[in-house]
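Report on the structure given below.
The values are calculated or read from the model by the stated rules, or taken from the named source; none is laboratory data. Every value quoted in this text rests on a predicted model; they were computed, and no experiment measured them. We place every Cβ from the backbone using ideal geometry, glycine too, and count neighbours over all the protein chains shown. Ligands, DNA and RNA are excluded from the accessible area calculation, which covers all protein heavy atoms including side chains. Shrake-Rupley method; radii C 1.70, N 1.55, O 1.52, S 1.80 Å.
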Amino acid sequence: METVIEQQRRYHEERERIVDTMVKEALHKKNSHRDVINSEHRTKMLLDRYTDATENLKDLYDDKDSLRKDEIRNLSGPNEFKEFYNRLGVIREFHRLHPSEVSVPMSLEFEEYTKMRESTNEDFVNLVDFKDEEGYGKYLDLHEHYDKYLNLKGADKVDYITYVGVFDRFYEISKERKGLEYRKYLEGLLEYLYEFLTRIKPLTDFNLILKTAQKEFQIQWQAGQFPGWPKDKHAGALAHTGAHLDLSAFNTWEELATLGLDRLKSGLMALGLKCGG
């Protein structure tokens, strides 16, 4: 069993070797788009390992169980030679029980990263899973989402090439058509785009980008400036008097519920029906 101080030494060495390997990875020439993506994924693996080693090192320095403090006291006290021979005995006992145990230097372990970078083995050349249509991260494969879009009620029947050019123009779709099925379509599209981006840009913090985008959205939404969702000029359901509601765009009551109470009230009022309590 490693002592606390030895564990700390090992984690410090590991961090230094990780930094050295990351520098070599950054300096290595990339000849293709595939090389760039693979390099970023190897760097991401190293970065995650560096983070884990740092967290473990911090826990050891925090010394909540006081093991490090006790170890230093034993090594620096009046019985330091006794502590030395106790540890020597532990080492001998370990090798007696495990005579064939071989200690692999950390330097050899990190040489594997160099072999991974320079290898032509398919497992190392194709570090990331991509569909053939995605061209190892060069292109989006939106065929599945295109089919779902065509099945939306009221959706424009366009060909795939046209869809690829306009699929992100959500503001061109009227609010009345944005029901439950549209929401499912949008969630599936968002999930695919997020997953695709994390495959081609593993070092990018997309969670931070999403948080920033959500803050910007809230500001635009409150100001009524978000594209496709203009703010009503007057508050309350009465502002929608005469606003007819096209029910043909909805299949279930759940889809109607996504419009909100004010919009539903305005639709009823446009038909001359009473609403309210």
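Name the residue, out of D70, D48, that is out of contact with any Cys (no Cβ under 7 Å at 6 or more places or on another chain), within 27 Å of T204 (Cβ to Cβ) and part of a helix (DSSP H, G or I). Residue meeting the stated conditions: D48. When L152, L140 are screened for being modelled with pLDDT of 95 or more and either more than 24 Å from I200 (Cβ to Cβ) or open to solvent by 50 Å² or more (accessible area, probe 1.4 Å) (or both), only L140 passes. Taking segment 77-93 as the range and being in a helix (DSSP H, G or I) and open to solvent by 100 Å² or more (accessible area, probe 1.4 Å) as the test, the residues that pass are F81, K82, F84, Y85, R92. Go through segment 220-230 and give me each residue that's loosely packed, with under 11 Cβ neighbours inside 10 Å and within 22 Å of Y194 (Cβ to Cβ). P227, the sole residue that qualifies. Pairing residues of segment 87-106 that are closer than 14 Å to E6 by Cβ with residues that are surrounded by fewer than 10 Cβ atoms within 10 Å (Cβ to Cβ) and among the hydrophobic types (A, V, I, L, M, F, W, C), at Cβ distances under 8 Å and at least 6 apart in sequence or on separate chains, gives V90/M1.
Residues to consider are S76, S66, S107; find the one that is polar (S, T, N, Q) and closer than 23 Å to M45 by Cβ. So the residue among S76, S66, S107 that is polar (S, T, N, Q) and closer than 23 Å to M45 by Cβ is S107. In segment 175-187, the condition of being open to solvent by less than 50 Å² (accessible area, probe 1.4 Å), part of a helix (DSSP H, G or I) and among the small types (G, A, S) is met by no residue. Across segment 94-117, the qualifying residues are those that are assigned to a helix (DSSP H, G or I) and aliphatic (A, V, I, L, M), and the one among them that is most open to solvent (accessible area, probe 1.4 Å) is L97.
If you filter segment 7-38 down to residues that are touching a residue at least 24 places away in the same chain (Cβ under 8 Å) and farther than 20 Å from L108 by Cα, you find that the one that is surrounded by the fewest Cβ atoms within 10 Å (Cβ to Cβ) is H33. Selection of first residues in segment 147-160 that are on the phi < 0 side of the Ramachandran plot and of second residues that are part of a loop (DSSP other than H, G, I, E, B) and open to solvent by 90 Å² or more (accessible area, probe 1.4 Å), restricted to Cβ pairs under 8 Å at least 6 apart or on distinct chains, gives the following pairs, ordered by first then second residue: L150/K157; K153/N251.
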